[in-house]
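The values are calculated or read from the model by the stated rules, or taken from the named source; none is laboratory data. Just so it is clear, the model here is predicted, and its values are computed rather than measured. Cβ atoms come from the backbone with ideal geometry, glycine included; neighbour counts cover every protein chain shown. Each accessible area value is taken on the protein alone, full model and side chains, heavy atoms only, with ligands, DNA and RNA left out. Shrake-Rupley method; radii C 1.70, N 1.55, O 1.52, S 1.80 Å.
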2 protein chains.
Amino acid sequence: MADAYLQTGSEIYEESFRIIRAETNLERFPADVSRAVVRMVHAAGATDIADDVAFTPGVVAAANTALRAGAAILCDSSMVATGIIRSRLPRDNDVICHIKDPEVARVAEREKITKTMAAVDLWLPRLEGAVVAIGNAPTALFRLLEVVAATGVRPAAVIGIPVGFVGAAESKEALIDSPLGLDYLVVRGRRGGSAMTVAAVNAIASTDELTNTSRQD
Amino acid sequence: MADAYLQTGSEIYEESFRIIRAETNLERFPADVSRAVVRMVHAAGATDIADDVAFTPGVVAAANTALRAGAAILCDSSMVATGIIRSRLPRDNDVICHIKDPEVARVAEREKITKTMAAVDLWLPRLEGAVVAIGNAPTALFRLLEVVAATGVRPAAVIGIPVGFVGAAESKEALIDSPLGLDYLVVRGRRGGSAMTVAAVNAIASTDELTNTSRQD
């Protein structure tokens with residue numbers, strides 16, 4: 001079996017991205033968004049993810065500029081935080097996730113909210129100009145919109161790709177329709193998740209396509 | 001907006017699983033496999049994942065029995081290892097992932113193989129009776145089959161859900177068609193990923209449906 005499959009990471013990436021570009025309709029995306037979408041398709045193993053992508057034209061530039069200025073990346077889940085490849089980050093940027101803080105569980109219990117919502121509230125001191133990466137919980141995205149509306153503190157960009165059957169589609173439509181006018185990159189509907197979110201962040205952080213990827217293979 | 005969405009984790013789970021069971025064709029699955037598939041659908045945000053699931057009837061029982069006996073969980077990626085909820089594990093089982101070991105990068109470079117393959121080779125001392133959780137790299141699954149064939153050392157069960165465009169579908173078919181006769185749970189085709197893999201492991205580890213979940217919300 002040893003000779004029956006590609007065994008070097010760079011060959012696998014090159015062939016993967018060739019297949020994705022051949023099979024995916026990327027025409028409507030600016031070049032920088034297109035690179036992120038290719039990686040998101042790669043992470044999902046599904047070319048039709050591209051059809052559900054919604055974005056503001058400046059989102060990749062805004063997020064990349066923020067990262068190059070040292071912005072923090074605020075994540076809703078540990079899997080998102082883990083998947084972000086540190087060596088792709090231009091300024092050794094902080095990758096922050098509060099979901100496992102003991103205080104978060106206490107606040108969630110007391111206020112009858114999700115742990116995610118309590119964790120998002122803790123983003124506030126680092127939220128101005130940050131890159132938000134939501135790949136799990138719809139309530140994170142709903143809460144973020146509430147916090148921005150209530151405080152006027154604004155992230156540079158929102159990678160908003162929560163997944164699921166309760167609130168996921170609605171939270172992403174709320175971001176798209178929001179009068180706050182945030183820069184965003186989302187996958188509409190129920191689909192989403194930490195892998196696609198990580199893929200988008202890693203694509204935005206560095207233009208290097210074939211190395212140091214979130215796939216780790 | 002505060003009253004417009006469900007804000008407690010248990011309510012969200014209950015409603016999510018109700019929707020999934022209403023919309024997903026689960027008839028062909030034994031009860032224990034069905035519980036895992038519901039969680040995998042939940043993680044993917046896509047009910048048609050269930051149509052691509054292939055399994056051996058004893059896979060969930062084999063994996064659960066192994067975990068209750070203290071088996072290690074061998075993971076191909078850091079995201080998979082991170083997503084496994086420790087509090088669901090019956091014996092404080094070891095969750096092992098070698099992908100970031102410096103030695104793995106050196107071996108991969110020297111032998112012109114993927115880092116994943118080099119990392120899988122390091123599983124061998126813990127492989128007998130282990131639960132394997134592959135959620136990222138097709139080369140991990142190909143290599144596992146080679147290692148088992150070469151050594152006769154056998155894991156208790158293989159959760160084999162790598163994702164992608166090069167080798168993912170083929171690696172899963174190789175597991176299904178393998179004369180080794182391993183117990184397996186896979187999602188055929190290109191789709192897969194760390195989130196679905198974690199969801200399967202968390203479902204297998206504990207029958208508790210509404211708490212301590214991989215969704216963390």
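Looking only at residues in the range B:17-36 that are assigned to a helix (DSSP H, G or I) and more than 14 Å from chain A (Cβ to nearest Cβ), which one is nearest to the chain's Cα centre (by Cα)?
B:Ala36
Could you go through the range B:160-174 and let me know if any residue there is more than 28 Å from A:Ala22 (Cα to Cα) and in contact with a Phe, Trp or Tyr (Cβ under 8 Å, 6 or more places away or on another chain).
No, that holds for no residue.
Would you point out the residue of the range A:14-45, among those that are closer than 23 Å to B:Val166 by Cα and free of Cβ contacts under 8 Å to residues at least 12 places away in the same chain, that is most open to solvent (accessible area, probe 1.4 Å)?
A:Arg18
Mind checking which residues of the range A:131-165 are small (Gly, Ala, Ser) and touching an Asp or Glu at 6+ places or on another chain (Cβ under 9 Å)?
A:Ala133, A:Gly135, A:Ala137, A:Ala140, A:Ala156, A:Ala157, A:Gly164
Looking only at residues in the range B:46-81 that are at the interface with chain A (Cβ under 10 Å from one of its Cβ atoms) and small (Gly, Ala, Ser), which one is surrounded by the most Cβ atoms within 10 Å (Cβ to Cβ)?
B:Ser77
Taking the residues in the range B:170-181 that are free of Cβ contacts under 8 Å to residues at least 40 places away in the same chain and more than 9 Å from every other protein chain (Cβ to nearest Cβ) as candidates, determine which candidate is least open to solvent (accessible area, probe 1.4 Å).
Per the criteria, the residue is B:Leu175.
Pick out the one residue from B:Val163, B:Val187, B:Val201 that is under 17 Å from B:Val60 (Cβ atoms), at the interface with chain A (Cβ under 10 Å from one of its Cβ atoms) and of a type outside the set (Phe, Trp, Tyr).
Going through B:Val163, B:Val187, B:Val201 in turn, the sole match is B:Val187.
Could you please find all residues in the range B:61-81 being farther than 20 Å from B:Ala118 by Cα and either in contact with a Gly (Cβ under 6 Å, 6 or more places away or on another chain) or free of Cβ contacts under 8 Å to residues at least 40 places away in the same chain (or both)?
B:Ala61, B:Ala66, B:Arg68, B:Gly70, B:Ala71
Considering only residues that are free of Cβ contacts under 8 Å to residues at least 24 places away in the same chain and farther than 20 Å from B:Ala71 by Cα, look in the range B:133-169 and name the one that is most open to solvent (accessible area, probe 1.4 Å).
Filtering first and then ranking leaves B:Ala150.
To keep it simple, each residue is scored yes or no on (1) in a helix (DSSP H, G or I); (2) in contact with a helix residue (DSSP H, G or I) (Cβ under 8 Å, 6 or more places away or on another chain).
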residue	(1), (2)
A:Ala66	yes, no
A:Gly70	no, no
A:Asp92	no, yes
A:Thr116	yes, yes
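Quick check: is even one residue across the range B:98-108 crowded, with 16+ Cβ neighbours inside 10 Å and touching a residue at least 40 places away in the same chain (Cβ under 8 Å)?
no
Restricting the search to the range B:109-131, which residues are open to solvent by 60 Å² or more (accessible area, probe 1.4 Å) and more than 13 Å from chain A (Cβ to nearest Cβ)?
B:Leu122, B:Leu124, B:Pro125, B:Arg126, B:Glu128
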